[in-house]
């Protein structure tokens, strides 16, 4: 009986132990398998610390290295009052020393508040915001005498994106901000900042360290990371800051003088497709599109050289071909096309059609094309496709296949109506007319360089196709020079230089009808004629001159191009007798006084050329305003004045 009772108890105990071990086993399975991730996360939260490092965004610079978009490091100074109680008196003494030296602006009320927070044993107190690197080092130096200052003093780094002359460069360079896809750091949202985001963005590196239970020792399992350069790459543009300044200055002056609705300009090197200058102005401050790449216009008469070039290249006309303009009008399919000038009548040669900007002459030239030939010529000039410029969201020109044209379409397009193109498209196509017939792909970025100075990518000129023969291009260059010398473009003439170009006055339309006396006034010019280095396109939308004549391309836009050429020729090495005289004058001036050196005081700039002024301030962020042409005769601030609080420098040339 006792034996059976013992066996029963033993069996019960064994069952209990088995069930206990089963429960423990199930619990272990639950912990190690089912809830492994949860417990692992809890443990890591207790012993793991993650240190995230974000590299700085790369800079955007012009071709000479002038910073157009750059970073400004700023710091927030934070202390932990709860850890200062042992050295409180010494800390306050040093902090007062910082205030007395005017390193930080700390008044009596600040110190009263700080003492209360010491007593409350608070763990977080901001004592300064947006300080620079120099101020940071001064603060560290003043507080470094206190034992274990690293335990309670922290500098939180913040990077602010800064822009040089935002009013000029914003629609081109773009901006950065937080987006839905980039919550941890700001990303480019338009312009070059957006197009080259993968190159400009800094990298993110996350380091993990594992601590002992008391978090006083770093466990040897922690990985030691080798130095990695996390900074983004620097993007160098083809833009020339000096040329771009001149372009903006002249366009802005005319834009304001004519109270225009919009104005745009572009300067290109026709020999390679480099964009040297971009300018856009609009009355709508919320419009951040760059109109040069992202808007379409009927070009008007600046389109005529393309059609004449195509006709000459196809052998449909000759340079000495003649056209009977009659009384200055022609009827096509019950629609009368007239000359803009009543004096344009009679017999005109091909050159005179361009020189006098004859609409009727262009219609007669277009009659020699079949519709298929005409479309083929437009396609050769790239007017059915985007140019491929490295700018985001370039829009495609509005052109349709010839099978969809009405009977009047070809005649209208011949003088720049019924077709819409972007300014970049027009400047690119015109460059092919004067550079020997090569259509280049335009580009904005010269090279991309990493933070260590290694060139990662370099853009090289790309010829899309040969549009016209070199000899045809040479003929057009001669015709366009005559247009400036004694035709509709005479206001773009520059003493001592051979300049070519074409005027354009496109009548604006709305709801399918053309508006009376509302125009897009344009001029596209190039110089020097013997070896074109610059193509300059200026467009002014709805100029409000008192007379209708003052709203035409020849009066509203041609003088702007003339002024731009005059100023560029003074600062660049362009062959001319006038330039030789200026160089000689500069040499005499330089012999009389030593070259100025930039320091804490404003140097004497008198006698310097605009290029020398820009070179002197190249590595700074001063807002440089240059007025006039020639050499410096006046300056503000005056020589010898402190530059400590100066943001803007003005010089006047004569």
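Residues of region 313-340 falling in the label zone of residue 370, defined by backbone nitrogen less than 19 Å from a point 7 Å along Cα to beta-carbon, are 313-317. Annotation: peptides 620-626, 58-64, 640-646, ranked by per-residue average of other Cβ atoms within 10 Å with the highest first, follow the order 58-64, 620-626, 640-646. Backbone N atoms of region 287-323 closer than 17 Å to the 7 Å Cα→Cβ label point of residue 379 belong to residues 310-311, 314.
All C-alpha pair distances within region 325-411, sorted into 10 Å bins from zero, spread as 15, 36, 30, 16, 3 percent across the bins. At full extension, residue 23 and residue 341 could sit 104.1 nm farther apart than now, given 0.36 nm per residue minus the alpha carbon distance.
In this simple spin-label model, placing a label point 7 Å from the Cα along the Cα-to-Cβ direction at both residue 331 and residue 469 gives a separation of 3.9 nm.
Extension gain for the segment residue 617 to residue 531, taken as residue separation times 0.36 nm less the Cα-Cα distance, is 27.8 nm to one decimal. Placing a label point 7 Å from the Cα of residue 454 along the Cα-to-Cβ direction, no residue of region 54-78 has a backbone N closer than 12 Å. When only alpha carbons are used to place a centre, region 389-429 and region 165-181 end up 29 Å from one another.
Applying 1/(1 + (r/R0)^6) with R0 = 51 Å to the Cβ-Cβ distance of residue 324 and residue 288, what FRET efficiency is obtained, to the nearest 0.05? Plugging the Cβ-Cβ distance into 1/(1 + (r/R0)^6) gives 0.55. A Förster radius of 30 Å, combined with the Cβ-Cβ distance separating residue 647 from residue 395, puts the computed FRET efficiency at roughly 0.25.
Computed from the Cβ-Cβ distance with R0 of 56 Å, the FRET efficiency linking residue 547 to residue 156 stands at 0.35. Net length available on complete extension from residue 229 to residue 185 is 14.1 nm, with 0.36 nm assigned per residue and the Cα-Cα distance removed.
Just so you know, all these numbers are worked out from the coordinates, no wet-lab data involved. Every value quoted in this text rests on a predicted model; they were computed, and no experiment measured them. Every residue, glycine among them, receives a Cβ derived from its backbone with ideal geometry; neighbour counts consider all protein chains shown.
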